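Reviewing the structure listed below.
The values are calculated or read from the model by the stated rules, or taken from the named source; none is laboratory data. In this text the structure is predicted, and so the values were computed from the model without any measurement. Ideal geometry is used to build each Cβ from the backbone, glycine not excepted, and the neighbour counts take in all protein chains shown. Please note that ligands, DNA and RNA were not included when accessible areas were found on the heavy atoms of the full protein model with its side chains. Shrake-Rupley method; radii C 1.70, N 1.55, O 1.52, S 1.80 Å.
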Amino acid sequence: MLDYHSRQLIVILSLTLLGLSVTVEAQYSSEVVLDLRTLTVEYTPALRADDPSHQMLLSDPSEPKAGHVRVAQIETDASIRMAGVEIAVEEPDAVVTGSSAMSELRLARYDLWLTGSSNGWRLDVADSQGGPLTAPSSIFGTVPLTHTTVTANSPTFIAGLVPTGSDQARLLLRWGRHEWTTEVQFLIPRESRPRQRDPLGDQRTFEFDSAEIQRSNRLTRRNTATVQLGNGPRLMVVYGRNMQVEDRDFAHLVSVETDMVVTTTASAVIRFDIDVPLQFGEVTLNTGNVGGLRDSPGGYGVWLRRAAEGWRLVFNDEPDAWGTQHDPSFDAGEVSLDYLQGDDSSRALSASVVMTTPDQGRFVLIWGPHEWSANFTVLS
Amino acid sequence: MRCLRVFAIVALLGVLAQSAAYAGAEAGGTFYENVLPILQENCQSCHRPAGQNITGIVAPMSLMTYEEARPWARGIARKVETREMPPWYASEHTDGLFSNERGLTDAEIETITAWVNAGAPAGERDAGPAPRTFGDEEEGWFLGRPDFVVEMERYTIPDDAYDLQATIRTKIDDAVLPDGGVWVRGWEFRVGETGDRVHHFCAGIEDKDTIVEVDAGQGEDEGEAADRGGSLGCVSSGTEGKLLPDGWGFFIPTGSTARYSIHFNKEPGPGTSFDNQASMGFFLSHEPPKYTFKNDSIGNRGFMIPAHRKDYRVGAGRMLERDTYVANLWPHAHFRGTAARYTATYPDGTQELLLDVPNWQQHWQETYWYKEPKLLPKGTMIDVSFWYDNTSENGLRIGFDADRSLGHAPRTNDEMMLGFLGYAEEVEPATGTQN
């Protein structure tokens with residue numbers, strides 16, 4: 001039996017740990033996996049736009065004031081280029097199935113400092129360091145940012161990655177009424193999937209993680225874009241790799257008749273997994289639509305429909321149908337899409353979600369010069 | 001005198017009883033005259049003495065003789081009346097299309113039930129057909145004695161293994177592959193003496209050097225192997241050996257390696273270790289074939305079946321780049337699979353249901369062989385759908401955890417969605433080398 005003082009000590013320690021746990025801010029993240037290469041940007045919602053320490057930096061949308069704030073960390077398992085800055089990561093050895101040794105993934109991680117100066121906005125890429133910092137200790141490179149003033153205010157800092165092809169993504173930063181973007185490009189193709197664990201132990205004990213194998217199998221043929229909202233809900237889009245504009249499926253996009261959905265013969269339907277209900281215009285996407293349990297996540301197949309007045313996004317309750325297997329009887333709702341025509345007509349199909357405010361986001365589809373998007377609100 | 005009278009009465013009663021028995025036999029039929037032909041035609045290919053059954057994956061009892069069949073008479077009647085036996089799960093839509101189709105006519109079922117209801121009499125042995133023989137009875141090959149046999153390196157499944165997917169490669173003796181290689185017109189798999197612990201067995205021909213390797217779930221699955229080419233297909237419970245269609249062949253170059261990919265089912269524990277030595281028998285093609293056989297899968301490896309979900313569809317598809325002659329279809333899934341369907345959408349937009357298996361059974365994974373290879377023209381879209389039942393009711397019945405959401409992985413307790421097809425592309429003469 002514990003004596004009174006021991007029990008008191010345990011209670012005090014427990015309360016202290018509880019207090020610490022609620023003061024630690026969960027990291028939010030946006031991750032893309034493009035052809036087996038993973039790029040992640042992490043940030044904390046603790047960066048408030050109305051924080052007096054940041055107001056000088058953010059005060060004038062038209063002309064940045066001098067200053068810098070560490071806003072995010074970027075992590076990659078493959079070499080990337082951001083503007084003129086190259087982050088090199090040693091490629092894993094080629095994977096040989098079976099008894100051959102499997103390679104370890106290498107990772108590179110850097111802090112991102114949002115910096116204003118008389119020359120404009122930029123990101124300073126610096127060595128990743130823990131603890132509170134007021135200035136980067138060692139700047140690895142500098143990335144100029146494109147700045148836009150937006151109407152939707154984001155009271156806290158947000159970072160997101162929007163895939164814009166097979167090898168590239170757009171890094172999008174939002175804070176207050178500011179939006180900054182830059183392009184990130186993977187530099188080296190990856191043909192086979194790297195393994196993250198030493199399999200020898202598995203061979204002896206026959207214990208292995210099925211979930212990891214399932215994920216690996218998925219990524220051999222799909223790309224993903226994931227938003228993690230702290231320790232809470234996750235939103236993930238899964239779509240077919242290498243859906244190029246030269247392929248027959250893109251030709252079908254161009255020629256699809258009014259009121260028909262765009263089918264893809266070479267990939268499954270775009271899959272959208274949600275851990276929290278979302279509101280797209282008049283359409284509510286609930287969780288639990290495919291699982292047998294009330295609190296199970298939501299899963300939707302996402303189809304693109306040509307309508308007389310433009311394009312529409314169709315949500316369907318069969319998230320694992322093939323791209324030729326749209327069954328309207330499973331449609332859960334559809335919303336109109338905003339459309340933009342871009343300059344780059346060579347972009348492979350990509351689909352993603354990106355947060356634009358702490359509780360609002362955007363579903364983005366890109367294929368060739370076409371870019372569609374639909375805004376949503378996260379329902380708590 | 002009194003004794004004689006008693007004897008006469010007994011004799012008369014005996015004659016009357018015998019007459020009654022024959023009358024019953026005539027009404028219900030006899031084993032030799034009426035039932036044995038049905039068993040020979042429809043049942044004995046599986047129900048043969050253990051160790052000589054299909055590929056070594058054994059049926060639980062032999063039904064070759066009256067003595068073997070009689071104790072199971074009521075069970076036989078029950079199984080055929082419910083059409084559970086002989087096993088065949090494709091819908092009526094494709095009746096008559098597949099060469100290995102099984103099933104009894106209403107009249108045949110009536111014959112068996114009448115025989116059982118009449119007391120399952122033997123009848124006169126001479127009234128029945130001669131015993132059926134199967135290929136090479138001595139060595140146990142279904143299709144006859146192969147021209148050459150490639151035996152796997154003997155492999156020990158250790159105590160601590162369970163649900164093990166092993167890939168073992170064995171160099172083929174160059175002596176059986178002379179002059180740059182040989183064309184074969186078919187092959188037969190034998191899973192070895194421990195066939196009752198084999199879930200399924202896939203094989204292929206590769207050009208790798210001899211190595212023995214074990215992939216405890218981390219390695220490629222049979223679908224990936226098929227995608228790389230050289231696949232000979234798979235067998236599991238209910239799969240019969242088949243020769244390729246006339247004019248078809250498969251080229252095995254000199255220096256090739258045989259790949260055995262075997263899924264062993266066992267519980268781990270001390271003393272559970274066992275040895276296995278699978279083998280493949282090959283039948284040479286004596287004339288140059290017209291078409292080269294290939295095996296491939298149309299699969300979906302990105303799915304995620306939700307926990308506690310019934311009737312969950314996973315789809316896959318492929319558009320054919322060339323005119324394609326399809327020889328067989330093999331829908332493959334694991335514990336939770338309940339139904340499978342292949343559909344062709346032709347270039348003119350018309351659709352044809354190629355195969356519908358509304359009651360797909362994990363333990364009866366049939367390969368459906370067309371009687372005549374089916375031509376699907378270039379531009380045909382083949383869609384494959386599988387349905388899964390991941391509910392706790394099904395989990396209790398089969399033995400899996402319905403609390404898991406799950407995707408593509410090799411264990412039986414994970415899932416797969418692979419629509420295999422054996423085919424030949426184009427109408428091109430074989431050139432003597434494999435494409």
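To keep it simple, each residue is scored yes or no on (1) of a type outside the set (A, V, I, L, M); (2) more than 10 Å from every other protein chain (Cβ to nearest Cβ); (3) open to solvent by less than 30 Å² (accessible area, probe 1.4 Å); (4) more than 15 Å from residue B:297 (Cα to Cα).
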{"residue": "B:336", "(1), (2), (3), (4)": "yes, yes, yes, yes"}
{"residue": "B:347", "(1), (2), (3), (4)": "yes, yes, no, yes"}
{"residue": "B:352", "(1), (2), (3), (4)": "yes, yes, no, yes"}
{"residue": "B:376", "(1), (2), (3), (4)": "no, yes, yes, yes"}
{"residue": "B:395", "(1), (2), (3), (4)": "yes, yes, yes, yes"}
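Evaluating residue B:256 against the criteria (1) closer than 26 Å to residue B:173 by Cα; (2) at pLDDT below 90; (3) not charged (D, E, K, R) leaves one unmet condition, (2).
Can you name every residue in segment B:271-284 that is among the hydroxyl-bearing types (Ser, Thr, Tyr) and surrounded by fewer than 19 Cβ atoms within 10 Å (Cβ to Cβ)? Walk me through it before giving the result.
First, the residues of segment B:271-284 that are among the hydroxyl-bearing types (Ser, Thr, Tyr): B:272-273, B:279.
Correct list: B:272, B:273.
Taking segment B:163-207 as the range and being within 14 Å of chain A (Cβ to nearest Cβ) and in contact with a Lys or Arg (Cβ under 6 Å, 6 or more places away or on another chain) as the test, the residues that pass are B:163, B:169, B:204, B:206. For segment B:114-130, a residue qualifies if it is surrounded by fewer than 17 Cβ atoms within 10 Å (Cβ to Cβ) and touching a helix residue (DSSP H, G or I) at 6+ places or on another chain (Cβ under 8 Å), and the qualifying residues are B:114, B:117, B:119, B:124, B:125, B:126, B:127, B:129.
Residue B:69 satisfies every condition listed in (1) assigned to a helix (DSSP H, G or I); (2) under 23 Å from residue B:198 (Cβ atoms) except (2).
All conditions but one from (1) modelled with pLDDT of 90 or more; (2) within 14 Å of another protein chain (Cβ to nearest Cβ) apply to residue A:47; the one that does not is (2). When residue B:150 is tested against (1) open to solvent by less than 30 Å² (accessible area, probe 1.4 Å); (2) assigned to a loop (DSSP other than H, G, I, E, B); (3) in contact (Cβ under 8 Å) with a residue 40 or more places away in the chain, exactly one condition is not met: (2).
Do you know which of the residues in segment B:258-298 that are within 14 Å of another protein chain (Cβ to nearest Cβ) and part of a loop (DSSP other than H, G, I, E, B) is nearest to residue B:136 (Cα to Cα)? Filtering first and then ranking leaves B:265.
The residue that is farthest from residue B:400 (Cα to Cα), among those in segment B:285-297 that are under 24 Å from the mean Cα position of the chain (by Cα) and either open to solvent by 50 Å² or more (accessible area, probe 1.4 Å) or of a type in the set (Val, Ile, Thr) (or both), is B:292. Among the residues making up segment B:224-239, those that are assigned to a loop (DSSP other than H, G, I, E, B) and either buried (at least 19 other Cβ atoms within 10 Å of the Cβ) or at pLDDT 70 or above (or both) are B:230, B:237, B:238, B:239.
Considering each residue of segment A:253-282, count those that are outside any loop (DSSP other than H, G, I, E, B) and either among the acidic types (Asp, Glu) or more than 22 Å from residue B:313 (Cβ to Cβ) (or both), and give that number. Write out each step before concluding.
Just the residues of segment A:253-282 that are outside any loop (DSSP other than H, G, I, E, B), to begin with: A:253-255, A:261, A:268, A:270-274, A:278-280.
The next check asks that each one be either among the acidic types (Asp, Glu) or more than 22 Å from residue B:313 (Cβ to Cβ) (or both); those that pass are A:253-255, A:273, A:278-280.
Result for segment A:253-282: 7.
Can we say residue A:249 is crowded, with 21+ Cβ neighbours inside 10 Å and within 12 Å of chain B (Cβ to nearest Cβ)? The answer is yes for residue A:249. Taken over segment A:307-359, residues that are touching a helix residue (DSSP H, G or I) at 6+ places or on another chain (Cβ under 8 Å) and part of a strand (DSSP E or B) amount to 1.
Which of the following residues is open to solvent by less than 50 Å² (accessible area, probe 1.4 Å), away from every other protein chain (no Cβ under 14 Å) and without any contact (Cβ under 8 Å) to a residue 12 or more places away in the chain: B:136, B:95? Full working, then the answer.
On the way: B:95 fails: open to solvent by less than 50 Å² (accessible area, probe 1.4 Å).
Unique residue meeting the criteria: B:136.
With the structure loaded, tell me whether residue A:274 is at pLDDT 95 or above, under 16 Å from the mean Cα position of the chain (by Cα) and under 17 Å from residue A:311 (Cβ atoms) or whether it fails that test.
Details: at pLDDT 95 or above: yes; under 16 Å from the mean Cα position of the chain (by Cα): yes; under 17 Å from residue A:311 (Cβ atoms): no.
In short, no.
For segment A:291-331, a residue qualifies if it is open to solvent by less than 10 Å² (accessible area, probe 1.4 Å) and facing chain B (nearest Cβ under 10 Å), and the qualifying residues are A:298, A:299, A:301, A:319, A:320, A:321, A:323. Please work out if residue B:325 is assigned to a strand (DSSP E or B), touching a residue at least 60 places away in the same chain (Cβ under 8 Å) and farther than 30 Å from residue A:288 by Cα. In short, yes.
The residue that is nearest to residue A:244 (Cα to Cα), among those in segment A:297-306 that are outside any loop (DSSP other than H, G, I, E, B) and without any contact (Cβ under 8 Å) to a residue 60 or more places away in the chain, is A:303.
Contact annotation: residue pairs with Cβ atoms under 6 Å, 6 or more positions apart or on different chains, pairing a residue in segment B:252-270 that is open to solvent by 40 Å² or more (accessible area, probe 1.4 Å) with a partner that is among the basic types (Lys, Arg), are B:265/B:197. Of B:403, B:389, B:414, all but one fail to be open to solvent by 50 Å² or more (accessible area, probe 1.4 Å) and either in contact with a Cys (Cβ under 9 Å, 6 or more places away or on another chain) or farther than 30 Å from residue B:289 by Cβ (or both); the exception is B:403.
Answer yes or no as to whether residue B:301 is assigned to a loop (DSSP other than H, G, I, E, B), surrounded by fewer than 18 Cβ atoms within 10 Å (Cβ to Cβ), touching a residue at least 24 places away in the same chain (Cβ under 8 Å) and in contact with a Lys or Arg (Cβ under 9 Å, 6 or more places away or on another chain).
On the way: assigned to a loop (DSSP other than H, G, I, E, B): yes; surrounded by fewer than 18 Cβ atoms within 10 Å (Cβ to Cβ): no; touching a residue at least 24 places away in the same chain (Cβ under 8 Å): yes; in contact with a Lys or Arg (Cβ under 9 Å, 6 or more places away or on another chain): yes.
No: the conditions fail for residue B:301.
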